[in-house]
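Okay, structure first, notes after.
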Amino acid sequence: MYAMHGETVHFDTRRNRLMLLDQTRLPQETVILSLSKKEEMFQAIAQLQVRGAPAIGVAAAIGLAVLANESAETDKAAFLAECCANAAYLASARPTAVNLFHALDAMLETLQANAHESIDTIRQSLTARALALHAEDVAVCQKIGAHGATLLESCKTVLTHCNAGRLAAVKYGTALAPVYAAKAQGHALSVFADETRPLLQGARLTAYELCEAGIDVTVICDNMVSFVMQKGLIDTVLVGCDRVAANGDTANKIGTSGVAILAKHYGVPFYVCAPFSTIDKTAKSGADIPIELRDGSEIGEMWYREPMLPAHAKTLNPAFDITDHSLITAFITEKGILQPSDF
Ligand code: MRU
């Protein structure tokens, strides 16, 4: 099997392939995808084979470089137009996580800056930029981990929602990075993972990666959060984010805002781990963040042996919700522990 070196997203520059750990097969199977076609890349993002805001951004950037290297175009204007069309196509795979657009914009910036060069030089620049974005994600998550660990010194148990760990980024993740950093410093934390209906990323992915890392993890159903907080079992909540508006309103996996409301009620600090690439200052508030609606089959069929809904029942399946900024204790970023006024 291809060696991913503990990474979720990888650029195999020798064979010019976007390599992904297929998250739809976890925890049962470790399947590595090797992609070179735009349709496969689009599907991988849309169908959540790669998911998590930082991971989809880096995957799209690598994907764009792979496609540029594969292109048969010899006419420069046509080659540039093809790269732009590929970027627009990949950007349309998912609407909420702003990292996807930031990463593709960074690639287009490199494309524009090198547009006067030869096609070969442009290809090399795009490859270098994709590798830089990949390395940057690793470094940013390590910094989030270091800053976050300073908040956890007297903490025993963290609750997290969905998966914002190593599987959601290139390597360390955002919300779980402080837990990994604390462990490296000799401070072992326990984690409660909400299962995160309907896609169960908390149960399938967070529990998987924490077990793999030797970190104590307890999976609870989403409707058990109040129970564990009321019992005093949770010291801190750490979650990731897909887009943070200028006022601090935060889009993250559906159910996050409910956890934040409960945390406020029970006096549990609620931190959002946010790489700067997730902050979208063009969104004034959460009302400006588009929320992805996904297929209802994820609610009624995807994780069941047989369809479990009556045939005529309707479904509503928003993938994200907005947590009001007033519920967020602080943002743990690569630049430190911040308030929205610091963005
Ligand atoms: O639909 P997903 O699985 O891509 O949603 C993931 C989340 O909501 C994560 O919490 C978020 O992307 C942050 S990942 C570091």
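The values are calculated or read from the model by the stated rules, or taken from the named source; none is laboratory data. Predicted model, so just to flag it, every value in this text is computed and none were measured. A quick note on method: Cβ atoms are made from the backbone with ideal geometry, for glycine too, and the neighbour counts reach across all protein chains shown. Note: accessible area is taken over every heavy atom of the protein model, side chains too, but ligands, DNA and RNA are not part of it. Shrake-Rupley method; radii C 1.70, N 1.55, O 1.52, S 1.80 Å.
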Residue list for segment 186-203, filter: more than 19 Å from Cys155 (Cβ to Cβ) and either of a type in the set (S, T, N, Q) or not in a helix (DSSP H, G or I) (or both) = Glu195, Thr196, Arg197, Pro198, Leu199, Leu200, Gln201
Only one of (1) open to solvent by 50 Å² or more (accessible area, probe 1.4 Å); (2) under 17 Å from Cys141 (Cβ atoms) does not apply to Ile279, and that is (1)
Looking at segment 264-276, which of its residues are surrounded by fewer than 24 Cβ atoms within 10 Å (Cβ to Cβ) and in contact with a strand residue (DSSP E or B) (Cβ under 9 Å, 6 or more places away or on another chain)?
-> Lys264, Val268, Pro269, Phe270, Tyr271, Phe276
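Specify which of the listed residues (Ala135, Ala115, Ala93) is outside any loop (DSSP other than H, G, I, E, B) and in the same structural domain as Gln43 (by TED's automatic domain parsing).
Numbers: Ala115 fails: outside any loop (DSSP other than H, G, I, E, B); Ala93 fails: outside any loop (DSSP other than H, G, I, E, B).
From the options Ala135, Ala115, Ala93, the qualifying one is Ala135.
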All conditions in (1) touching a Phe, Trp or Tyr at 6+ places or on another chain (Cβ under 6 Å); (2) modelled with pLDDT under 95; (3) hydrophobic (A, V, I, L, M, F, W, C) are true of Ala188 except (1)
So how many residues does segment 138-166 have that are farther than 20 Å from Val9 by Cβ and assigned to a helix (DSSP H, G or I)?
-> 7
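Here are some residues: Ala77, Ala91. Which one is among the hydrophobic types (A, V, I, L, M, F, W, C) and without any contact (Cβ under 8 Å) to a residue 12 or more places away in the chain? So that I can check it myself, show each step before the final result.
On the way: Ala91 fails: without any contact (Cβ under 8 Å) to a residue 12 or more places away in the chain.
Selected residue: Ala77, the only one of Ala77, Ala91 that is among the hydrophobic types (A, V, I, L, M, F, W, C) and without any contact (Cβ under 8 Å) to a residue 12 or more places away in the chain.
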Determine the pairs where a residue that is over 27 Å from Asp235 (Cβ atoms), located within segment 260-287, has a partner that is more than 14 Å from the ligand (Cβ to nearest atom) and polar (S, T, N, Q) with Cβ atoms under 8 Å apart, the partner being 6 or more residues away or on another chain.
-> Lys284/Asn247; Ser285/Asn247
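Can you tell me which of Ala65, Ala53 is touching a strand residue (DSSP E or B) at 6+ places or on another chain (Cβ under 8 Å) and within 16 Å of the ligand (Cβ to nearest atom)? So that I can check it myself, show each step before the final result.
On the way: Ala65 fails: within 16 Å of the ligand (Cβ to nearest atom).
Only one candidate qualifies: Ala53.
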Take segment 146-166 and flag every residue that is touching a strand residue (DSSP E or B) at 6+ places or on another chain (Cβ under 9 Å) and either buried (at least 24 other Cβ atoms within 10 Å of the Cβ) or aromatic (Phe, Trp, Tyr) (or both).
-> Gly148, Val158, Leu159, Thr160, His161, Cys162, Asn163, Ala164
Any chance segment 276-288 includes a residue that's within 11 Å of the ligand (Cβ to nearest atom) and outside any strand (DSSP E or B)?
-> yes
Members of segment 311-329 found to be within 20 Å of the chain's Cα centre (by Cα) and either aromatic (Phe, Trp, Tyr) or more than 15 Å from Asn252 (Cβ to Cβ) (or both), listed by number = Asn317, Phe320
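Assess whether Ser125 counts as being within 16 Å of the ligand (Cβ to nearest atom), among the polar types (S, T, N, Q) and either free of Cβ contacts under 8 Å to residues at least 40 places away in the same chain or open to solvent by 60 Å² or more (accessible area, probe 1.4 Å) (or both). Steps first, answer last, please.
Working: within 16 Å of the ligand (Cβ to nearest atom): no; among the polar types (S, T, N, Q): yes; either free of Cβ contacts under 8 Å to residues at least 40 places away in the same chain or open to solvent by 60 Å² or more (accessible area, probe 1.4 Å) (or both): yes.
Considered against the rule, which asks whether it is within 16 Å of the ligand (Cβ to nearest atom), among the polar types (S, T, N, Q) and either free of Cβ contacts under 8 Å to residues at least 40 places away in the same chain or open to solvent by 60 Å² or more (accessible area, probe 1.4 Å) (or both), Ser125 comes out as no.
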Name the single residue, out of those in segment 204-223 being assigned to a loop (DSSP other than H, G, I, E, B) and not acidic (Asp, Glu), that is surrounded by the fewest Cβ atoms within 10 Å (Cβ to Cβ).
-> Gly214
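In segment 20-40, what residues are free of Cβ contacts under 8 Å to residues at least 60 places away in the same chain, within 15 Å of the ligand (Cβ to nearest atom) and either open to solvent by 20 Å² or more (accessible area, probe 1.4 Å) or over 21 Å from Val138 (Cα atoms) (or both)? Before you say what the answer is, go through the steps one by one.
If we filter segment 20-40 for residues that are free of Cβ contacts under 8 Å to residues at least 60 places away in the same chain, which is where we start, we get 20, 22, 24-25, 28-40.
Narrowing the set further to residues that are within 15 Å of the ligand (Cβ to nearest atom) leaves 20, 22, 24-25.
Within segment 20-40, Thr24, Arg25 qualify.
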For residues in segment 167-185 being part of a loop (DSSP other than H, G, I, E, B), within 15 Å of the ligand (Cβ to nearest atom) and of a type outside the set (Ser, Thr, Tyr), which is surrounded by the fewest Cβ atoms within 10 Å (Cβ to Cβ)?
-> Lys171
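Of all residues in segment 192-202, how many are buried (at least 24 other Cβ atoms within 10 Å of the Cβ) and over 22 Å from Ala251 (Cβ atoms)?
First pass over segment 192-202, keeping only residues buried (at least 24 other Cβ atoms within 10 Å of the Cβ): 193-194, 196, 199, 201-202.
Keeping just the survivors that are over 22 Å from Ala251 (Cβ atoms) gives none.
Residues meeting the conditions: 0.
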